[in-house]
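Report on the following structure.
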Amino acid sequence: MKRKQIYTGLWASLLLLAPAVTSATSAHATDIQTGQQSVATSQLSASQSTSSQVASDQLVESSRQSQGTSSRSQVAEVPAKTAQTTNNQPVKSAAKAVLNQDYQGAMARGAQQLTTSQDTEVWAALARISSGAQLTTDQKATFHQVFAEELTGMAGHYSATDLERLTIGIAAIGEDPTQFNGINLIAEIIKKAATAGITGQVYGIIALSTQDYGSQANQTINQLIDLVLKQQNTAGGWAFFGSVSDLDITGMTMSALGMHRDQPKVQSALDRAVALLKTTGFVKATGGFLIPGGFSTEENSNSTAMAILGLAAAGVNPATTFVGDNGATPITNLIAYQKVDGQFRWMMGSDDGALSMSTEQAVYALGQYDYLLKGKGSIYNFKKVVPEPDPEPKPDPKPSIPGKKPAGESSASSSSEVDLDKTLPKQPGYKEDGMPLTGTTATQDALPQTGHQSVWGSVLAGLFMLLGVAGYQTRRLKQR
């Protein structure tokens, strides 16, 4: 009978405990399910975001490839018989030539032809360097020797243009014109340029601007700019002699003034020259330039090249500002003069004339056009830019925004990492070092901790209650 009463008391205690255990277990199960759904949702969101990003990247890449294909399809391939008809007779007009826009290919072939033909002129050096070609040590030594021999051959009788031309070549190969072969060419130019003709003044501006040669050189540049600006005619161009604008001289002058557009009145002078080329010089039928004068009454590659040089140096894109019939531009026109071997003709369809000079001028004119598109300034600017040294990194024992690692420590994390100890508040259920009190997997760490703790608290409370009830019933039976 006593045992029956004890068992009855135990069962009563269990009945009292059951609701608490059931409630706690249910709450815990709900917390787990909620946490798992939250993790699953987070993982799904991350997966969808990754998939979306991959799809976006694939779309962008596809678009880029499509654009690249489209762009390539718009650039005509260099014909096997450039500027020739099917009956092997040269064409007579640029309008009949294929509109090839691959200026970089034409420039590279022209530069290679100058190398193959061993052209050692100053302008060949300028053309090859402006095309992006790198001269070898032996090639630079060859140019040095040729320039030195030419200077020696002058026997002290230097003209301004000779000194200026050599200065451009010497600076182009990376040497110092102030002490070349025992002569200071810059000092000689300063003495002679102002009293020279228009070409001596134009190339004086260019030669003295190839490097920083000091205050006296800068004063001479300003003097020469003033002299050249005064010689601009009412039409907006410059002439070698007389009053009729000459394409070659106008283009050369624009290339010199283009290096000093910050000077007063220079930009307005360039604007007038551009207007002249638009209204008077541009030939819409071919895309070339022609102002008939004493040197030539027909279109030729030299004049077109000098016009392109001047426009690009002045910051004007000749391929978009000057568009003629059927999309012809000065660039397509100049390329049409190129032969299969890379040389540029002087006259369309003719191998007469100084083709080496035509090739030199065409290549460095295309080089200046390339400089314009790439924002590199003037092809005559050989100033050496010395990069500033990077500051030494300071050790930082604890990374913070932007997250620079201490010296010698691997930096595999993003530069946008933050110091969690400083930015995140302490969360319930976490130690002082930020580590969770429970959970060993990513899923467990992501789940709330309160439901898990309440289950075991309820169970322990129930056990204590059960033992208490059992003890109470036992004592009552003993008292009876």
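The values are calculated or read from the model by the stated rules, or taken from the named source; none is laboratory data. Fair warning: this is a prediction, and the values are worked out from it, not measured in the lab. Note that each Cβ is placed from the backbone with ideal geometry, even for glycine, and that neighbours are counted across all protein chains shown. What goes into the accessible areas is simple: the full protein's heavy atoms, side chains included, and nothing from ligands, DNA or RNA. Shrake-Rupley method; radii C 1.70, N 1.55, O 1.52, S 1.80 Å.
Would you check if there is a residue in segment 229-251 being surrounded by fewer than 21 Cβ atoms within 10 Å (Cβ to Cβ), modelled with pLDDT of 95 or more and in a helix (DSSP H, G or I)? Yes. Scanning segment 321-357 for residues that are under 23 Å from THR280 (Cβ atoms) and not in a loop (DSSP other than H, G, I, E, B) yields THR321, ASP325, ASN326, GLY327, PRO330, ILE331, THR332, ASN333, LEU334.
Yes/no matrix, rows are residues, columns are (1) closer than 17 Å to ASN381 by Cβ; (2) aliphatic (A, V, I, L, M); (3) buried (at least 24 other Cβ atoms within 10 Å of the Cβ):
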site: GLU164; (1), (2), (3): yes, no, yes
site: GLU175; (1), (2), (3): yes, no, no
site: ALA193; (1), (2), (3): no, yes, yes
site: ALA196; (1), (2), (3): no, yes, no
site: GLY204; (1), (2), (3): yes, no, yes
site: SER209; (1), (2), (3): yes, no, no
site: SER215; (1), (2), (3): no, no, no
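For GLN211, the requirement of being touching a residue at least 12 places away in the same chain (Cβ under 8 Å), assigned to a loop (DSSP other than H, G, I, E, B) and under 25 Å from MET154 (Cα atoms) is met.
When the criteria are applied in full, GLN263 fails the requirement of being closer than 23 Å to ALA312 by Cβ, open to solvent by less than 40 Å² (accessible area, probe 1.4 Å) and part of a loop (DSSP other than H, G, I, E, B).
In the set (1) crowded, with 16+ Cβ neighbours inside 10 Å; (2) at pLDDT 95 or above; (3) more than 30 Å from PHE282 (Cβ to Cβ), the condition left unmet by SER117 is number (1).
Between PHE180, PHE147, the distinction of being within 28 Å of ALA362 (Cα to Cα) and crowded, with 18+ Cβ neighbours inside 10 Å belongs to PHE147 only. Return yes or no: is ILE129 under 20 Å from THR359 (Cβ atoms) and open to solvent by less than 60 Å² (accessible area, probe 1.4 Å)? The answer is yes for ILE129. Only helices (runs of 4 or more DSSP H) whose full extent lies in segment 123-208 are considered here, and the ones with at least 3 residues that are acidic (Asp, Glu) are 137-153. May I ask you to verify whether ALA312 is buried (at least 22 other Cβ atoms within 10 Å of the Cβ), within 18 Å of ASP370 (Cα to Cα) and either free of Cβ contacts under 8 Å to residues at least 60 places away in the same chain or of a type outside the set (S, T, N, Q) (or both)? In short, yes. Pairing each residue of segment 126-145 that is basic (Lys, Arg) with any residue that is in a loop (DSSP other than H, G, I, E, B) and surrounded by 18 or more Cβ atoms within 10 Å (Cβ to Cβ), provided the two are 6+ apart or on different chains, yields C-beta distances under 6 Å for LYS140/ILE173. In segment 358-367, the qualifying residues are those that are within 27 Å of the chain's Cα centre (by Cα) and closer than 25 Å to ALA285 by Cβ, and the one that is most open to solvent (accessible area, probe 1.4 Å) is GLN361.
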